[in-house]
Ligand code: FES
Ligand SMILES: [Fe+2]
């Protein structure tokens with residue numbers, strides 16, 4: 001990343017993050033981390049390719065847990081909306097005229113036509129009118145108008161609004177459960193202690209900067225794997241971000257289904273000389289929250305990335321990267337700096353390195369080369385836990 005023109009003040013750390021930071025400082029001089037577990041283990045490559053496993057993951061994980069769909073500030077103006085197809089559900093994410101966010105099914109309640117065409121359409125409208133017979137809906141999903149209403153004398157309009165998914169905005173992020181049969185969503189309960197971590201960053205006051213959604217030919221878990229170990233940073237990212245990090249120095253822990261990981265940046269040793277109030281999570285380290293199942297939040301020095309991996313099959317994802325910043329760009333120089341940062345991270349690091357290598361792995365899965373299983377080393381323990389959590393949910397899903 002290029003140097004920030006002006007770095008924002010350090011965010012207050014949760015008690016858990018301070019504890020992790022202190023542990024990170026202890027790790028600097030250790031040749032072996034205290035976190036490394038007993039030994040290597042094997043991971044069956046079929047978990048990335050088996051259509052049956054994929055179908056169960058969708059049913060038992062992705063349709064049941066709250067998923068993060070991005071930053072609410074992307075829909076800044078009342079009347080703005082995004083159409084996005086996830087897990088076979090055509091969705092409309094809207095902000096209604098009262099400013100409230102809704103996640104609705106993009107399907108007309110008359111005879112099922114799609115209201116907003118396209119998969120990634122973003123637009124601004126006062127109402128939604130079906131292109132087929134012009135039933136009209138408010139952005140809260142309420143059915144507002146039925147042309148030729150005399151043809152439907154018994155129609156209960158209140159029962160024919162757009163179907164909605166349970167959704168909530170928490171920490172400025174939009175969360176929803178991909179099941180219209182559910183009505184409740186408890187994001188704080190789902191996040192557990194991660195909720196306290198996120199509260200300290202005040203994302204609700206951050207501004208949407210850029211988003212890039214693309215389809216890539218990889219299993220979603222290969223991408224989650226890549227962000228839960230630091231073993232590859234010096235090699236895969238040698239030409240991009242490697243110089244900013246100390247080789248494989250990291251500390252992390254499971255938090256329920258989720259994970260928090262700190263990776264030591266080149267400036268970390270300086271923190272050893274500072275009292276804790278000067279420890280800076282973004283400048284001395286890079287924090288990653290891996291929020292189960294498919295979200296990653298990465299805390300760069302002066303902006304934040306959210307990535308969502310939405311599987312469309314065992315070997316395909318919609319990868320949505322959203323960048324948000326602590327405030328609106330205050331100068332052309334600052335805007336240009338963030339543009340360059342987005343380009344480097346989104347295309348150079350995520351696209352050309354992490355997603356690229358995930359696709360390369362996917363291509364070889366059927367070859368039989370790793371019949372005995374992939375080898376996970378002692379420092380790849382977060383992958384062991386992550387895959388264990390996936391397997392446990394598939395087993396208990398009923
Ligand atoms: S299908 Fe939408 S108005 Fe008929
Ligand atoms: Fe990476």
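Quick notes on this one:
- Enumeration of residues in segment 171-229 that are assigned to a loop (DSSP other than H, G, I, E, B), touching a residue at least 24 places away in the same chain (Cβ under 8 Å) and either within 16 Å of ligand 1 (Cβ to nearest atom) or within 28 Å of residue 121 (Cβ to Cβ) (or both): 171, 172, 177, 178, 179, 180, 185, 206, 217, 218, 219
- All told, residue 131 meets the bar of being within 12 Å of ligand 1 (Cβ to nearest atom), within 27 Å of residue 70 (Cβ to Cβ) and surrounded by fewer than 15 Cβ atoms within 10 Å (Cβ to Cβ).
- Residue 242 within 17 Å of residue 16 (Cβ to Cβ), at pLDDT below 95 and within 15 Å of ligand 2 (Cβ to nearest atom): no
- Selection status of residue 200, at pLDDT below 95 and surrounded by fewer than 21 Cβ atoms within 10 Å (Cβ to Cβ): yes
- Residue 72 being assigned by TED's automatic domain parsing to the domain that holds residue 175, touching a residue at least 12 places away in the same chain (Cβ under 8 Å), surrounded by 15 or more Cβ atoms within 10 Å (Cβ to Cβ) and within 16 Å of ligand 1 (Cβ to nearest atom): no
- Which numbered condition residue 78 fails, given (1) modelled with pLDDT under 90; (2) not assigned by TED's automatic domain parsing to the domain that holds residue 349: (1)
- Condition met for residue 168 (surrounded by fewer than 20 Cβ atoms within 10 Å (Cβ to Cβ), more than 10 Å from ligand 1 (Cβ to nearest atom) and farther than 29 Å from residue 304 by Cα): no
- Selection within segment 331-378 - in a helix (DSSP H, G or I) and touching a strand residue (DSSP E or B) at 6+ places or on another chain (Cβ under 7 Å): 338, 342, 345, 346, 350, 355, 359
- Residue selected from segment 126-142 under the condition in contact (Cβ under 8 Å) with a residue 24 or more places away in the chain and in contact with a strand residue (DSSP E or B) (Cβ under 7 Å, 6 or more places away or on another chain), by the criterion farthest from ligand 2 (Cβ to nearest atom): 135
- Residue 303 in the same structural domain as residue 231 (by TED's automatic domain parsing), under 16 Å from the mean Cα position of the chain (by Cα), crowded, with 20+ Cβ neighbours inside 10 Å and away from ligand 2 (no atom under 16 Å from the Cβ): yes
- Taken residue by residue, segment 106-126 has at least one member that is under 16 Å from residue 69 (Cβ atoms) and within 16 Å of ligand 1 (Cβ to nearest atom).
The values are calculated or read from the model by the stated rules, or taken from the named source; none is laboratory data. Computed from a prediction, not measured in an experiment: that's the story for all the values here. Cβ atoms come from the backbone with ideal geometry, glycine included; neighbour counts cover every protein chain shown.
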